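K.L.:
Provided herewith is a single structure, encoded as structure tokens, for subsequent inquiry.
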């Protein structure tokens, strides 16, 4: 019998996959007769897997789904079980987090407690951590929770300022601890947050697109509208002790799959295909502004988990327990775009061009603008040569932005839309217009020629072309 001070999660023992938890260890053959000992800090004492009959576990699983908003249930279930699958995916795979946002009484803490109960015994008033703890404490507690869901409750900006929270989320998504020095100026042991972060709060971080692309923000609607009389919650509470039993059964099934050498390759291929499908879907739906960095990979990952869960339930003769896949990718992508300098600027500029208040004219033979129309740039077959200060001034007149022209240009360059001149350190280049030189941003013409979401079907997950739909 071995001893560990960590919730080890999935590990290989004698070339076989075993999930090690504080109370029992599970492999392909089931629960080990001699489990590995695990000791956790007292704050994490509720993490404990237990066995249950399959019929009870399945009833608890179905009751948990009924507590969740119908349109968000597939996403929440997929994220709940993602920790069990993440380590079997390629090392560079995104590690997203989820934030449940809602007013007091929306039921966000009840939902989080149900999700956490797949890994132990949790109630709405017993989260493993709170954002009121120091960020160092949040990260340190999460280090012990490899391959488990990690619920941190009650986010408020007064607890974690923008800079600190952004740094934590960037380190989390990369599975890296924040660098710290000892008193002797030596680097401390790296201890990243290894649990999968489930955050709850009435607000969320604003103005940080890089954070929002790592954290899927889901708005939880008022509780009374979806669960009159609290019937669904009462049923889920009664069956909640059996939820860890569902996790035990799923872990056993996963261990059998993982012992097959082809499983990891099959899983990676499925993830690539799902991510590609989402990229195609977003390009079709949102057009040239569909680029969001990590969002397609995040949703491709969750869909992959959901498909794997479907295979497990189908083998157990319970495929009907899983609702059809739905996602909120359009809402989450648009939320990120609102916080991205380049996207917000181009969307506002598009409105000006469509209204006729601004114009982009031919660079070779520029046309005098009509009265009341401002020329904001020039174009040829391949590029739009935007006058950044003039375009920025016109945009600010109708849609005040919280970004500078430098921030906007840097974002467009990072996304591959802005092509710098001969010096890569400068955003602008010079061109000659009517015999005089002017400084412009050279932008790919497709940025202004694509469908930016003003037409087409933008429904929330019921489009027949949405990935995962049947």
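The values are calculated or read from the model by the stated rules, or taken from the named source; none is laboratory data. Just so it is clear, the model here is predicted, and its values are computed rather than measured. With ideal geometry, Cβ positions are generated from the backbone for all residues, glycine too; neighbour counts draw on all protein chains shown.
K.L.:
So, of the residues in segment 366-382 that are free of Cβ contacts under 8 Å to residues at least 60 places away in the same chain and surrounded by 13 or more Cβ atoms within 10 Å (Cβ to Cβ), which turns out to be farthest from the chain's Cα centre (by Cα)?
P.N.:
369
K.L.:
Find all pairs meeting these conditions: Cβ atoms under 6 angstrom apart; at least six residues apart or on different chains; first residue within segment 117-130 and touching a residue at least 60 places away in the same chain (Cβ under 8 Å); second residue part of a loop (DSSP other than H, G, I, E, B).
P.N.:
Note: pairs meeting the criteria are 119/148; 120/46; 120/48; 121/46; 122/46.
K.L.:
Please find, within segment 193-211, the residue that is modelled with the highest pLDDT out of those that are crowded, with 16+ Cβ neighbours inside 10 Å and in a loop (DSSP other than H, G, I, E, B).
P.N.:
By that ranking, first place goes to 195.
K.L.:
Identify, by number, the condition in (1) at pLDDT 85 or above; (2) surrounded by fewer than 18 Cβ atoms within 10 Å (Cβ to Cβ); (3) in contact with a helix residue (DSSP H, G or I) (Cβ under 8 Å, 6 or more places away or on another chain); (4) not in a helix (DSSP H, G or I) that residue 401 doesn't meet.
P.N.:
Tallying (1) at pLDDT 85 or above; (2) surrounded by fewer than 18 Cβ atoms within 10 Å (Cβ to Cβ); (3) in contact with a helix residue (DSSP H, G or I) (Cβ under 8 Å, 6 or more places away or on another chain); (4) not in a helix (DSSP H, G or I), residue 401 fails exactly one: (1).
K.L.:
Mind counting the residues in segment 133-156 that are under 19 Å from residue 95 (Cβ atoms), in a helix (DSSP H, G or I) and in contact with a strand residue (DSSP E or B) (Cβ under 8 Å, 6 or more places away or on another chain)?
P.N.:
First, the residues of segment 133-156 that are under 19 Å from residue 95 (Cβ atoms): 135, 138-152, 155.
From what's left, in a helix (DSSP H, G or I): 135, 138-143.
From the residues that got through so far, the ones that are in contact with a strand residue (DSSP E or B) (Cβ under 8 Å, 6 or more places away or on another chain) too are 138, 141-142.
Going through segment 133-156 one residue at a time, the tally reaches 3.
K.L.:
Within segment 333-357, can you find the residues that are assigned to a helix (DSSP H, G or I), buried (at least 19 other Cβ atoms within 10 Å of the Cβ) and modelled with pLDDT under 80?
P.N.:
333, 335, 336, 337, 341, 342, 343, 344
K.L.:
Is it the case that segment 212-234 has a residue that's modelled with pLDDT under 75, outside any helix (DSSP H, G or I) and assigned by TED's automatic domain parsing to the domain that holds residue 123?
P.N.:
The answer is yes; a qualifying residue exists.
K.L.:
While we're on this one: Could you list all residues from segment 97-108 that are in contact with a strand residue (DSSP E or B) (Cβ under 8 Å, 6 or more places away or on another chain), surrounded by fewer than 23 Cβ atoms within 10 Å (Cβ to Cβ) and outside any strand (DSSP E or B)?
P.N.:
Residue satisfying the conditions is 102 alone.
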